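Reading through the structure tokens given below for one structure.
The values are calculated or read from the model by the stated rules, or taken from the named source; none is laboratory data. Since the structure is predicted, the reported quantities are computational estimates derived from the model, not experimental observations. Methodologically, a virtual Cβ is constructed for each residue, glycine included, from the backbone with ideal geometry; neighbour enumeration extends over all protein chains shown. The protein model used for the area step is the full one, side chains on, heavy atoms only, and it has no ligands, DNA or RNA in it. Shrake-Rupley method; radii C 1.70, N 1.55, O 1.52, S 1.80 Å.
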Amino acid sequence: MNIAIIPARGGSKRIPRKNVKEFCDKPMIGWSIEAAKVCELFDHIIVSTDDNKIAEVAKRFGASVPFMRPAELSDDYVGTGAVVKHAVEWAIANLGEVEFVCTIYATAAFIQPKAITKGFEMLVASDSQIAFTVTSFPFPIQRAIKITKAGNIAMFQPEHYQTRSQDLEPAYHDAGQFYWAKTEAVLNEVSAFSNAAIPIILARHQVQDIDTVEDWQRAELMFKALQSSAHILDSIDDNKNHI
């Protein structure tokens, strides 16, 4: 059995009620749930939440909320790993044996069903325990600069001042969309940032972290642009079919 776990706490501080706030005419969490449903990979799509409103929206979009997350797993300091482990343990006790788990963030509006499917296929074909989404930094991290206490500029790695960008090793960061894992990796709390994991590489335009109001506004603009581009491409394909 494969399950999707969508952690969705109600206590967002920087963007109040972020998980159910309308994003491009749909509650944010709705995009994650619908992507999981389209994949047809999951026997159960479970939302782990401590919030009744989030639970209501999640059920409306077709996810299940079979339990309310306990208070000790709902504060600002509890990591996603502990929340997912709790949900997986519940699923094993109440639904049966679980082979693969996909943790999907509730704010991953850019998530694509085909990427979820690709990630699953990559993990199954590998000897790894985890596969998760990453994307490249748009600028070489080796040439990053900082502002000193005196207000001046300094490089983090001054030895690369004269190094050409094309000669520097590419760097990647967590795209914050989803994480596939074998069940034992979740239960044993295996770190994704280790050689136990493989990357699912996404293009930068498919990724947008949303932590501030500015992030949200930028994400909506990007999302609408991508939808418009997809619509234009579909129209071109339709026209070709009628030639």
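Ranked by the mean number of other Cβ atoms within 10 Å of their residues, highest first, the peptides 135-145, 11-21 come out as 11-21, 135-145. Just the protein heavy atoms count here, and of the accessible area of the chain at 1.4 Å, carbon and sulfur take up 51 percent. Could you sort out which of 37/114; 18/53; 13/85; 26/224; 21/59 sit more than 19 Å apart by Cα distance in this structure? The pairs that break the limit, which is 19 Å between Cα atoms, are 13/85. Taking the Cα centre of each part, how many Å lie between the stretch 83-133 and the stretch 136-191? After rounding, the separation between the Cα centres reads 25 Å. Computed from label points 7 Å out along Cα-Cβ, the spacing between residue 147 and residue 95 is 4.7 nm.
Taking every DSSP helix (H) stretch of at least 4 residues in the chain, weighting each as -39,500 (n - 2.57) and dividing the sum by the residue count yields a mean residue ellipticity at 222 nm of -11000 deg cm²/dmol. Listed values for the stretch 151-160 are Karplus-derived 3J(HN,Hα) couplings in whole Hz (6.51 cos²θ - 1.76 cosθ + 1.60, θ = phi - 60°), namely x, 9, 9, 8, 8, 5, 10, x, 5, 9, and x replaces Gly and Pro.
Modelled this way, with points 7 Å down the Cα-to-C-beta line, the labels at residue 159 and residue 78 are 4.4 nm from one another.
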